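The values are calculated or read from the model by the stated rules, or taken from the named source; none is laboratory data. All values derive from a computational prediction rather than experimental measurement. So basically every Cβ, Gly included, is an ideal-geometry build from the backbone, and we count neighbours across all protein chains shown.
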């Protein structure tokens, strides 16, 4: 989503300031009293609210040490790790937080609609066309976040300006300036301030080559050729082409991918570059599956 937004912004020759928010121990800071209030305001039936309340309220823990166990300590915040309900509760909690904090703010529009955030669980991105607008959104998010028991991690929160000619932006949290970055990995994809996919493609190819090397004995074994091709497509191409649906390929990017494909087939057939075997001959030998 972020890549599509970045490319769309550059297509219409505009700039976009983005802030990658990092909450300190986000899942451990969910206030139970506030959570129950949100569930009620959202319209969750009282029966479900009672079950969730029984699951969380009046909870006590003991810590096991080498010398024995500590006394019981009552806790009052955080969602349970490993519980299938926890992501839903946290998403509801964070959604109410951002809605309350950013109501009426933002200046970046797509299709006439203001887009303030892109988020997945605790991975939150704020965006605005103007630096001052983004600063106001961050200040408001910090203020409301503290009412919800959430604290922003200044060291891990980063800012970036997506532009044809990127320049640093000055965004501060509690008088501390946030670090400007030229690239940032968000949800597994590498985003760059120029909005291009070249760095992401190179990164994906490097990871795919590393994965190929780990399973090299399998791919170069005496198994049937068609089976080995299927294994390469399953274990290697899935890594190399992760997120490819959002890529806008240039000629140089396409060349990198084609070169990587030949790299795989040559390694699989144990054909070195010094063997003077043309790529066309390798392709014929591989005989691509339909």
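Listed here are the helices (runs of 4 or more DSSP H) enclosed by region 127-232 that have at least 1 residues being closer than 30 Å to residue 283 by Cβ and touching a residue at least 40 places away in the same chain (Cβ under 8 Å): 198-214, 216-219, 225-232. Only one residue in 78, 145 is surrounded by 19 or more Cβ atoms within 10 Å (Cβ to Cβ), modelled with pLDDT of 85 or more and at negative phi. Which one? So the residue among 78, 145 that is surrounded by 19 or more Cβ atoms within 10 Å (Cβ to Cβ), modelled with pLDDT of 85 or more and at negative phi is 145. Within region 51-61, the set of residues being part of a loop (DSSP other than H, G, I, E, B) and surrounded by 11 or more Cβ atoms within 10 Å (Cβ to Cβ) comprises just one member, 57.
Right, residue 242: in a loop (DSSP other than H, G, I, E, B), at pLDDT 90 or above and surrounded by 14 or more Cβ atoms within 10 Å (Cβ to Cβ) or not? In short, yes. Test residue 170 against the criterion of being in contact with a helix residue (DSSP H, G or I) (Cβ under 8 Å, 6 or more places away or on another chain) and not assigned by TED's automatic domain parsing to the domain that holds residue 99, and give yes or no. It is false that residue 170 is in contact with a helix residue (DSSP H, G or I) (Cβ under 8 Å, 6 or more places away or on another chain) and not assigned by TED's automatic domain parsing to the domain that holds residue 99. In region 155-193, the qualifying residues are those that are under 17 Å from residue 246 (Cα atoms) and surrounded by fewer than 16 Cβ atoms within 10 Å (Cβ to Cβ), and the one that is farthest from the chain's Cα centre (by Cα) is 183.
Candidates in region 17-47 are the residues that are more than 31 Å from the chain's Cα centre (by Cα) and assigned to a helix (DSSP H, G or I); of these, the one that is surrounded by the fewest Cβ atoms within 10 Å (Cβ to Cβ) is 47.
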